[in-house]
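Reading through the structure tokens given below for one structure.
The values are calculated or read from the model by the stated rules, or taken from the named source; none is laboratory data. Remember, it's a predicted structure, so these values are computed and weren't measured experimentally. Cβ coordinates were reconstructed from backbone atoms using ideal geometry, including for glycine residues, and neighbour counts include every protein chain displayed.
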Amino acid sequence: MTPVQINNIDHADLRVSPRAGAAFGDAANQALVFPAEFEELQREFAIIFRRRDEGLQAYVLLGLDRDENLYLVGDYWTSRYVPASHQRGPFSIGMVRSSGDDIGEPMLHFDIDDARVGDDTGLPLFLEHGGNTPYLNHVTAVLRLLYEGMETAPPAYAALDEAGLLTPVTLTVDVSEERRYTVPDVLVVDIERLAAVTGEALEQLHKTGVLRLAILAAASLGNIQQLIARKQLLLDPAG
Amino acid sequence: MSAIARRTRVIEAADARTLPVAALIAEGRPTILRGIARDVPLVAAGLHGADAAIAWLKQFDGGRPVTAYRGDPAIGARFGYTDDCSALNFVRERGSLSAYLDQLLASLDDPAAPSIYIGSTDIDQYLPGLREHAALPFGDPQLVEHPPLVSIWIGNRTIASAHYDMSNNIAVTLVGRRRFTLFPPDQVANLYPGPLDPTPAGQVVSMVDFDAPDFARHPRFADALAAAEVAEMEPGDALIYPALWWHQVEALDPFNAMINYWWNTSPSFMDTPQNTLLHALLSLRDRPDHEKQGWRALFDYYVFGPAGQAAAHLPEAARGDLAPMDAQRARGLRAALLRRLNR
């Protein structure tokens with residue numbers, strides 16, 4: 001990977017393909033997600049948490065087998081929403097220092113080694129005179145969501161955890177009578193404990209927006225049915 | 001520098017509480033406020049010695065790293081450009097305020113010490129508590145309604161090349177002597193402004209070395225000198241001058257400290273005219289002269305003339321953006337400009 005900072009002079013005519021695909025890391029059975037996209041995610045995916053060395057992280061389940069993304073067909077996603085960590089394509093944020101005295105500004109970069117960069121059938125980043133195309137604005141918004149998410153997610157998840165709202169489970173998914181999958185070591189929002197929060201603790205969770213995240217994540221678990229349906233269709237297209 | 005005969009006018013025994021700040025700015029010229037800060041403890045400490053001033057300042061170090069400019073002795077204390085103008089002749093770095101103060105103290109008498117300048121440092125952020133002991137109690141309603149940005153400037157012998165700022169300024173010399181060399185805004189062409197980018201500290205600076213002007217390269221600088229005035233300040237003196245006056249600032253002693261107050265009276269929804277200027281480079285500068293002259297007439301009519309003139313003959317309901325600007329209208333105009341700029 002060779003990140004290059006984007007500018008409207010060197011990259012005036014550059015096009016980038018917005019396609020997805022296994023070659024670009026989209027064939028994964030889970031995707032890292034961030035609080036700002038929970039609302040979109042919970043319409044489509046099951047949101048779960050995992051305890052990592054660096055702290056709690058949130059993911060959506062995309063598949064049941066290894067490298068299986070049931071929402072990916074060829075080079076496009078079939079879901080109505082794509083997690084920002086995959087929407088970003090070959091783009092990333094890098095800190096660029098303008099002088100020695102600052103920590104730098106987050107600036108948009110792309111990976112020049114990515115096959116989607118420089119694809120003439122792709123979308124332009126810049127308008128004729130150097131303004132931003134809607135595609136570039138979209139990518140910028142996605143990267144901003146990720147960049148801010150890395151800042152805001154840890155305290156939000158920690159607050160969920162401290163309020164005792166996360167419960168460790170092993171998800172059991174029955175795709176058919178003879179086919180059962182287990183997803184171990186995940187944490188989900190415990191609906192009963194959520195219902196039992198009262199008083200000041202409740203107000204605090206509400207004020208900080210953590211209550212909303214908890215409700216969205218809890219509601220999202222029903223989407224496991226969608227995941228099962230997609231898996232069943234894959235195993236038995238005739239239905 | 002001896003070519004400048006004019007000395008900035010002086011108000012003796014000035015008192016911050018009764019100082020007519022708005023009226024002085026409206027007059028459109030600089031004024032020295034002699035002794036206005038004589039009671040600030042840092043002035044007394046500084047008169048005892050640089051070590052006392054440094055010890056006094058250190059008690060307010062809030063611990064946040066400050067930005068400092070460090071220049072090689074070879075630059076002659078003048079923070080500017082390398083000879084070919086391609087880069088700055090000093091480095092910007094960050095570090096502990098107390099450590100810089102120690103460094104300044106240790107090298108007070110060392111002629112080979114680097115030039116160190118900690119410029120425009122927000123006192124509330126970096127020296128919490130200092131305001132209470134060092135800020136002046138300005139009573140003029142203009143400063144009450146438009147609270148100024150209060151910053152401290154610390155260093156050894158330094159020269160900040162002539163530049164303009166976009167805010168009105170009251171610069172209070174607390175430790176060390178300071179010399180401001182001031183030029184009215186209309187002297188811009190005679191000062192040979194440098195590159196728009198990079199700049200030493202965010203503002204374009206004059207390319208003329210005032211200590212050794214090269215009149216072959218910068219002949220019009222002679223006219224600037226004829227329009228210039230010099231303000232010599234002792235600890236406890238302040239200088240008030242309007243926005244956009246060009247000023248070179250020399251800190252003259254082995255240790256110097258100044259606190260300044262920057263303010264504008266315009267509402268915050270107004271954009272900086274610096275953006276307007278940059279956009280005009282894009283939109284106007286390279287057009288044919290007859291078009292430029294036409295646009296000059298339009299700008300005079302819509303912008304530089306009386307603010308109400310373009311709307312006065314229109315029914316109120318039809319004035320649109322020609323009516324006085326307010327926060328609401330500014331949002332609409334900003335949205336339209338953003339759309340139009342992005343092409």
What tally of residues in segment B:35-71 results from selecting those that are basic (Lys, Arg), surrounded by fewer than 16 Cβ atoms within 10 Å (Cβ to Cβ) and within 14 Å of chain A (Cβ to nearest Cβ)?
-> 1
Inspect all residues belonging to segment A:112-129 and state whether any of them is loosely packed, with under 15 Cβ neighbours inside 10 Å, within 14 Å of another protein chain (Cβ to nearest Cβ), over 23 Å from the mean Cα position of the chain (by Cα) and farther than 30 Å from residue A:205 by Cβ.
-> yes
For residues in segment B:153-203 being among the aromatic types (Phe, Trp, Tyr) and in contact with a His (Cβ under 6 Å, 6 or more places away or on another chain), which is farthest from residue B:266 (Cα to Cα)?
-> B:192
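So that you can scan it fast, the table gives a plain yes or no per residue for (1) polar (S, T, N, Q); (2) surrounded by fewer than 23 Cβ atoms within 10 Å (Cβ to Cβ); (3) over 22 Å from residue B:50 (Cα atoms); (4) modelled with pLDDT under 95:
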| residue | (1), (2), (3), (4) |
| --- | --- |
| B:130 | no, yes, no, no |
| B:141 | no, yes, yes, no |
| B:146 | no, yes, yes, no |
| B:151 | yes, yes, no, no |
| B:162 | no, no, yes, no |
| B:173 | yes, no, no, no |
Taking only pairs six or more apart or across chains, which ones have beta-carbon atoms under 8 Å, a first residue in segment B:317-343 that is within 14 Å of chain A (Cβ to nearest Cβ) and assigned to a loop (DSSP other than H, G, I, E, B), and a second residue that is surrounded by 14 or more Cβ atoms within 10 Å (Cβ to Cβ) and hydrophobic (A, V, I, L, M, F, W, C)?
-> B:342/A:127; B:343/A:127
(1) in contact (Cβ under 8 Å) with a residue 24 or more places away in the chain; (2) of a type in the set (Gly, Ala, Ser); (3) surrounded by fewer than 14 Cβ atoms within 10 Å (Cβ to Cβ) all hold for residue B:257 apart from (3)
Counted residues, segment B:72-88 - those being under 15 Å from residue B:197 (Cα atoms), away from chain A (no Cβ under 14 Å) and surrounded by fewer than 19 Cβ atoms within 10 Å (Cβ to Cβ) | 4
Tell me which residues, restricted to segment B:140-199, are within 30 Å of residue B:219 (Cβ to Cβ) and basic (Lys, Arg).
-> B:157, B:178, B:179
For segment A:139-149, state whether one or more residues are within 14 Å of another protein chain (Cβ to nearest Cβ) and either of a type outside the set (Lys, Arg) or more than 21 Å from residue A:58 (Cα to Cα) (or both).
-> yes
Residues of segment B:161-181 satisfying the condition of being under 10 Å from the mean Cα position of the chain (by Cα) and either within 24 Å of residue B:193 (Cβ to Cβ) or not in a strand (DSSP E or B) (or both) | B:162, B:163, B:164, B:165, B:166, B:167, B:168, B:169, B:171
In segment A:85-111, how many are surrounded by fewer than 16 Cβ atoms within 10 Å (Cβ to Cβ) and facing chain B (nearest Cβ under 10 Å)?
-> 5
Residue list for segment A:101-125, filter: touching an Asp or Glu at 6+ places or on another chain (Cβ under 8 Å) and modelled with pLDDT of 95 or more | A:117, A:124
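Rundown of residues vs (1) out of contact with any Cys (no Cβ under 7 Å at 6 or more places or on another chain); (2) loosely packed, with under 15 Cβ neighbours inside 10 Å; (3) free of Cβ contacts under 8 Å to residues at least 40 places away in the same chain, yes/no style:
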residue	(1), (2), (3)
A:148	yes, yes, no
A:151	yes, yes, yes
A:190	yes, no, yes
A:194	yes, no, yes
Search segment A:103-124 for residues that are of a type in the set (Gly, Ala, Ser) and pair each with any residue that is part of a strand (DSSP E or B) when their beta-carbon atoms are under 8 Å apart and the residues are at least 6 apart or on different chains.
-> A:104/A:95; A:104/A:96; A:118/A:15; A:118/A:16; A:122/A:15; A:122/A:16
Out of A:201, A:217, sole residue that is modelled with pLDDT under 95 and either out of contact with any Pro (no Cβ under 8 Å at 6 or more places or on another chain) or not polar (S, T, N, Q) (or both) | A:201
Candidate set from segment B:89-99 (those that are in contact (Cβ under 8 Å) with a residue 24 or more places away in the chain and within 13 Å of chain A (Cβ to nearest Cβ)); member that is nearest to residue B:209 (Cα to Cα) = B:90
Looking only at segment B:103-119, and only at residues there that are in contact (Cβ under 8 Å) with a residue 12 or more places away in the chain and loosely packed, with under 15 Cβ neighbours inside 10 Å, the one that is farthest from the other protein chains (Cβ to nearest Cβ) = B:109
Go through segment B:256-271 and give me each residue that's under 27 Å from residue B:127 (Cβ atoms) and modelled with pLDDT of 95 or more.
-> B:256, B:257, B:258, B:259, B:260, B:261, B:262, B:263, B:264, B:265
Within segment A:114-128, how many residues are of a type in the set (A, V, I, L, M, F, W, C), part of a loop (DSSP other than H, G, I, E, B) and touching a Ser or Thr at 6+ places or on another chain (Cβ under 7 Å)?
-> 2
For segment B:55-62, does any single residue satisfy the condition of being farther than 13 Å from residue B:156 by Cβ, of a type outside the set (A, V, I, L, M, F, W, C) and at pLDDT below 95?
-> no
